[in-house]
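Participant: Here it is, the structure in full.
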Ligand SMILES: C[S@@+](CC[C@H](N)C(=O)[O-])C[C@H]1O[C@@H](n2cnc3c(N)ncnc32)[C@H](O)[C@@H]1O
């Protein structure tokens, strides 16, 4: 976790997220499928895990939610605080390891994680239990992520793929396929510090969710041809992302 934190601290200054104008002009960091699945957030308490600079937190807050956002990397949180202040949005940014969340961070109606957040969870069973405990009865867990199948497939050319990781394995040290690493590394290079991320199969995520006592509400898979850049037409025949919602009874 310490190494992952150092890794992210080295990337964070180069990841500002959306500019202020994006939010001022009504842009949403939450996607249409996410907004449709989550519904009205006015007055609801939201916990955003592995929030990075908290762009989705800002959108939740603009829509009237009361938002707490946590991340391991202090520089990401600083950027988020500056943006929230400039926009006049009361998002609380807290430095936390999501695997050892402070017990005071609890009582949420929505717990949200997205786009390269879940792959930093070292134990999906433990994580889902922590999350379930922090939800209010009737509260909802929302996972909006890269599809684990996408994580293991590498585009070799038009209609050509190879398998670069193990769908049924768990951890990976670094990235065999650089296109799966945080996008910013393509611009600034890879920090030399070791970093370990994880691939959680859909079955692993769904099973952990059910074992934590949550009720599965929806599970959708989406194509996203841009994520299979260079594959050609077939890119739309594969899942690239998924969206899972589960509620606490
Ligand atoms: C790819 S970003 C998250 C997605 C975000 N929507 C984005 O694209 O910027 C991954 C984030 O996870 C954070 N992270 C990694 N491990 C964590 C942990 N154990 N607890 C909390 N945050 C963690 C990193 O600091 C980083 O900000």
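Taken together, the values in this text are just the output of simple stated rules run on the coordinates, not laboratory data. What you see is a predicted model, and the numbers here were worked out from it, not measured in a lab.
Participant: How high is the relative contact order of the stretch 100-205, in percent, with contacts defined as C-alpha pairs under 8 Å that are six or more residues apart?
Facilitator: Dividing the mean separation by the residue count of the stretch 100-205 yields 29 percent.
Participant: Only helical DSSP H runs with n ≥ 4 go in: add -39500 (n - 2.57) per run for the chain, normalise by residue count and round the 222 nm mean residue ellipticity to 500 deg cm²/dmol.
Facilitator: Taken over the chain, the calculation gives -8000 deg cm²/dmol.
Participant: For the chain, what is the relative contact order in percent, using Cα pairs closer than 8 Å and at least 6 residues apart in sequence?
Facilitator: Across the chain, relative contact order equals 19 percent.
Participant: Could you state the orientation-averaged shadow area of the convex hull built on the Cα atoms of the chain, in nm² to one decimal?
Facilitator: With the hull built on Cα positions only, its mean projection is 12.7 nm².
Participant: Report the convex hull volume per residue for the stretch 146-200, counting only C-alpha atoms, in Å³.
Facilitator: 85
Participant: Could you give me D for the stretch 120-249, from Stokes-Einstein at 10 °C and 1.306 mPa s, where the hydrodynamic radius is the Kirkwood radius over C-alpha pairs? Units µm² s⁻¹, please.
Facilitator: 99
Participant: Follow-up question, since we're still on this one. Just want to confirm a number: the relative contact order over the stretch 37-136, from Cα pairs under 8 angstrom separated by 6+ residues, in percent.
Facilitator: Here the relative contact order equals 29 percent.
Participant: Expressed as a whole number of Å, what is the distance separating the alpha-carbon centroids of the stretch 91-126 and the stretch 1-31?
Facilitator: 16
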